[in-house]
Amino acid sequence: MSRRTLLRGFGTAGTLAALAGCGVPAAYVEPGDRAAADDRSERDRSLQFANWPLYIDTDDENESRRPTLDSFTGRTGISVRYTEEINDNDEFFGKISPALMNRQETGRDLIVISDWMAARFVRLGWVQEMDRAKQPNVAKYLDPQLRTPAFDEGRLHSVPWQSGITGIAYNRRKLGHEIRSTSQLWADDLRGKVTLFSGLDESFALLMQGNGADVTRWTADDFHTMCEQVGKLVKRKHIRRFTGNDYIKDLASGDVLACQAYSGDVIQLKADNPDIEFVVPEEGAELWAESLMIPNLARHKRNAEKLVDHYYDPEVAAELAAWVNYVCPVPAARDILASAKDEETAALAEDPLIFPDDAMRERLAIARDITAEERVGFAKKWNAIVGL
């Protein structure tokens, strides 16, 4: 199951974001109105943590136990009510947006959402700034490449839970040659054997990078050029279809030979089929994150900040990385894994899809997100091409 899910159009979430971008006061919450009048952290040693399914370590003998959460409770005395309730960014937005827009509690102290959605929360003023002075591990160990996303300069409102790469996966044996460039997806030998992501936020950066655009500051012209290119490929039936996470099935079965893919998924695919390769194209690939955020009026903000910092202890980050296999946002965890007695665990330290090396990092970029003003028009154009 992927934590990078589809933008299913531009309904409620897009509309609210657009309203905020147009200055409608009903949606935006001023900084002074975001904190709860009474933080209960000291007298109520608990917190509510909402996350995606299959996105935390579990005990091999008892899947209801989560060792890294248990160690936090053992160290701090703070109990965590952990819920796997986030299955889709837009769906979760719709679930909690009425409370946030109406200045009400969400019942959650900590959430994890994709950064393109996190950008909306920051613009709407729906999340609180964290106290970095009380988060020494975050301050010290957060991956420098993830510290300054355009939507949250300095990472004041968000901290990456896990990161990942949107690149290209392909079947090396069935294709018969390597892929090193996004432009190679459009070669004649791949006609009808390529899939792209249907979600605009998931797909656009890699495709723009393939055209030579700087995705850290891409323009409307870059977007329209990309759309024209993809539209022509659709008309020529070069693209087999647009997918969500079901690209995994197509690639594994051989129905598709190359596709847009997420690094964490391919680690698992490759374990079952060594012919599957993942590549960061020469033109570059998108580095993304899914981030921890504290919603407005959270009643246990201080406890939530402590849990965030717990996961930036390199020992804890290493334990989590060994289970989820995404890009670890704590590079110092690499040395912890490398020293593991278990050979398979130690080998993870050398996997560039978990700990990208310098050469790979030079080709990774965090794309600027789609602004509220851009979203409705851009989504309408993209969805017309994709058929949503």
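The values are calculated or read from the model by the stated rules, or taken from the named source; none is laboratory data. Since the model is a prediction, treat every value here as computed from it, not as a measurement. Because the Cβ atoms are built from the backbone with ideal geometry, glycine has one as well, and the counts that use them run over all protein chains shown.
Take the stretch 288-305 and flag every residue that is among the polar types (S, T, N, Q) and touching a Pro at 6+ places or on another chain (Cβ under 9 Å).
Passing the criteria: only SER291.
Look through the stretch 277-325, keep the residues that are under 30 Å from LEU100 (Cα atoms) and of a type in the set (Phe, Trp, Tyr), and return whichever of them is surrounded by the most Cβ atoms within 10 Å (Cβ to Cβ).
The qualifying residue surrounded by the most Cβ atoms within 10 Å (Cβ to Cβ) is TRP288.
Cβ-Cβ distance below 9 Å, separation of 6 or more or different chains: which pairs start in the stretch 53-79 with a residue that is at positive phi and end on one that is surrounded by 14 or more Cβ atoms within 10 Å (Cβ to Cβ) and assigned to a loop (DSSP other than H, G, I, E, B)?
Every condition considered, the pairs that remain are LEU54/ARG3; GLY77/ARG45.
Which count do you get for residues in the stretch 157-188 that are in a helix (DSSP H, G or I) and among the β-branched types (Val, Ile, Thr)?
Total satisfying the criteria: 1.
May I ask you to say which residue of ALA258, ALA332 is over 17 Å from the mean Cα position of the chain (by Cα), among the aliphatic types (A, V, I, L, M) and buried (at least 23 other Cβ atoms within 10 Å of the Cβ)?
On the way: ALA332 fails: buried (at least 23 other Cβ atoms within 10 Å of the Cβ).
From the options ALA258, ALA332, the qualifying one is ALA258.
Only one of PRO136, PRO149, PRO67 is assigned by TED's automatic domain parsing to the domain that holds LEU297 and buried (at least 22 other Cβ atoms within 10 Å of the Cβ); which?
Result of the check over PRO136, PRO149, PRO67: PRO149.
Which one is farthest from ASP57 (Cα to Cα) among residues in the stretch 80-92 that are touching a strand residue (DSSP E or B) at 6+ places or on another chain (Cβ under 8 Å) and touching a residue at least 60 places away in the same chain (Cβ under 8 Å)?
ASN89
Run down SER183, SER203, SER158 and say which single residue is of a type in the set (Ser, Thr, Tyr), out of contact with any Cys (no Cβ under 8 Å at 6 or more places or on another chain) and over 30 Å from TRP126 (Cα atoms).
SER183
Any idea how many residues of the stretch 61-88 are over 21 Å from GLU315 (Cα atoms) and hydrophobic (A, V, I, L, M, F, W, C)?
1
Could you identify the single residue in LYS249, LYS232, LYS237 that is in contact with a His (Cβ under 9 Å, 6 or more places away or on another chain) and either of a type in the set (D, E, K, R) or under 25 Å from ASP369 (Cβ atoms) (or both)?
None of the others qualify; the one that does is LYS232.
Return the residues of the stretch 347-364 that are surrounded by fewer than 21 Cβ atoms within 10 Å (Cβ to Cβ) and touching a residue at least 60 places away in the same chain (Cβ under 8 Å); say none if nothing qualifies.
Listed by number, the residues that qualify are ASP351, MET360, ARG361, ARG363, LEU364.
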